[in-house]
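Student: So that we are looking at the same thing, I have put the structure below in structure tokens.
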Amino acid sequence: MRHPIDPKIDCVFKALLGSEDNRNLLLHFLNAILAQELPAPLVGVAILNPYNERGHRADKLSIVDIKARDDQSRLYQIEIQLLSFPDLPARILYGWAELYRQQLQRGQDYDQLRPTYAIWLLAEALLPDDADYAHRYRLRDDQGRALIDHGGIWLLELSKFTVARVVTEQQRWLKFFTDGERLDAAALPPWMQTDEMRQAMTTLIAFSDKERA
């Protein structure tokens with residue numbers, strides 16, 4: 001029996017973007033979300049161990065949903081978050097800072113640090129007083145001048161995403177995560193008619209066909 005599958009469920013999300021079989025989907029997703037940020041489209045990406053190593057035994061152990069590195073050694077963290085809570089902004093910032101910090105080992109110089117990007121897909125609104133669904137946070141002063149151009153944090157509030165006509169690849173991915181549970185594999189809408197979306201749908205079908213999963 002086939003069951004509807006929500007792509008926002010943790011294990012499904014990780015299968016979609018964090019498995020070697022779907023590494024091309026991860027590459028496409030990153031290029032879609034960061035199209036206006038990256039100097040050139042990514043051509044390769046490696047999926048990393050999601051555990052952030054602790055520098056000391058007493059340090060807090062953090063685990064991310066998906067962690068990756070591109071061929072320029074830039075780092076990427078991708079998270080799905082179903083519930084919002086008061087301390088979530090602090091958790092988001094901590095995760096970015098932890099990934100950025102881990103780049104250097106003892107004796108290495110600061111010029112070896114590379115941009116680090118954290119992308120959070122939020123099922124519930126985190127910023128209820130802001131109508132926009134997409135938010136970018138980077139190190140800037142009060143005049144908007146950058147301290148250092150080393151990535152930042154991208155928050156995408158899915159509950160606010162109401163675009164009816166898909167124009168960009170970013171919108172295509174957000175609509176997939178918003179509407180994925182209601183899609184009919186036998187009658188996909190026009191915006192799903194791309195190689196990447198059909199591959200993503202295949203992953204949902206694989207979960208749907210296994211009641212235990």
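Student: For T194, all conditions in the list (1) at pLDDT 95 or above; (2) open to solvent by 90 Å² or more (accessible area, probe 1.4 Å) hold save one; what is the number of the exception?
Tutor: (2)
Student: Okay, moving on. Looking at the range 43-55, can you tell me whether even one residue there is surrounded by 11 or more Cβ atoms within 10 Å (Cβ to Cβ), in contact with a helix residue (DSSP H, G or I) (Cβ under 6 Å, 6 or more places away or on another chain) and modelled with pLDDT of 95 or more?
Tutor: Checked against the condition, which is being surrounded by 11 or more Cβ atoms within 10 Å (Cβ to Cβ), in contact with a helix residue (DSSP H, G or I) (Cβ under 6 Å, 6 or more places away or on another chain) and modelled with pLDDT of 95 or more, the range 43-55 yields at least one hit.
Student: So G152 passes all but one of these: (1) outside any strand (DSSP E or B); (2) within 19 Å of the chain's Cα centre (by Cα); (3) at positive phi. Which condition number does it fail?
Tutor: In the conditions (1) outside any strand (DSSP E or B); (2) within 19 Å of the chain's Cα centre (by Cα); (3) at positive phi, G152 misses (1) alone.
Student: If a residue has to be among the charged types (D, E, K, R) and exposed (fewer than 15 other Cβ atoms within 10 Å of the Cβ) to count, how many in the range 1-36 make the cut?
Tutor: Selection size over the range 1-36: 4.
Student: Let me ask you something else. All but one of (1) part of a helix (DSSP H, G or I); (2) among the aromatic types (F, W, Y); (3) modelled with pLDDT of 95 or more hold for F207; state the number of the condition that does not hold.
Tutor: (3)
Student: Let me ask you something else. Here are G144, G107, G95: which of them is open to solvent by less than 40 Å² (accessible area, probe 1.4 Å) and either under 22 Å from E79 (Cβ atoms) or outside any helix (DSSP H, G or I) (or both)?
Tutor: One residue alone meets the criteria, G95.
Student: OK, next. Within the range 157-176, does at least one residue satisfy the condition of being surrounded by 12 or more Cβ atoms within 10 Å (Cβ to Cβ), within 22 Å of S19 (Cβ to Cβ), in contact with a Cys (Cβ under 9 Å, 6 or more places away or on another chain) and in contact (Cβ under 8 Å) with a residue 40 or more places away in the chain?
Tutor: no
The values are calculated or read from the model by the stated rules, or taken from the named source; none is laboratory data. None of these values were measured; they are calculated from a predicted model. FYI the Cβ positions are ideal-geometry reconstructions off the backbone, even for glycines, and counts take in every protein chain you see. When the accessible area is computed, the model is the full protein with side chains, heavy atoms only, and any ligands, DNA or RNA have been set aside. Shrake-Rupley method; radii C 1.70, N 1.55, O 1.52, S 1.80 Å.
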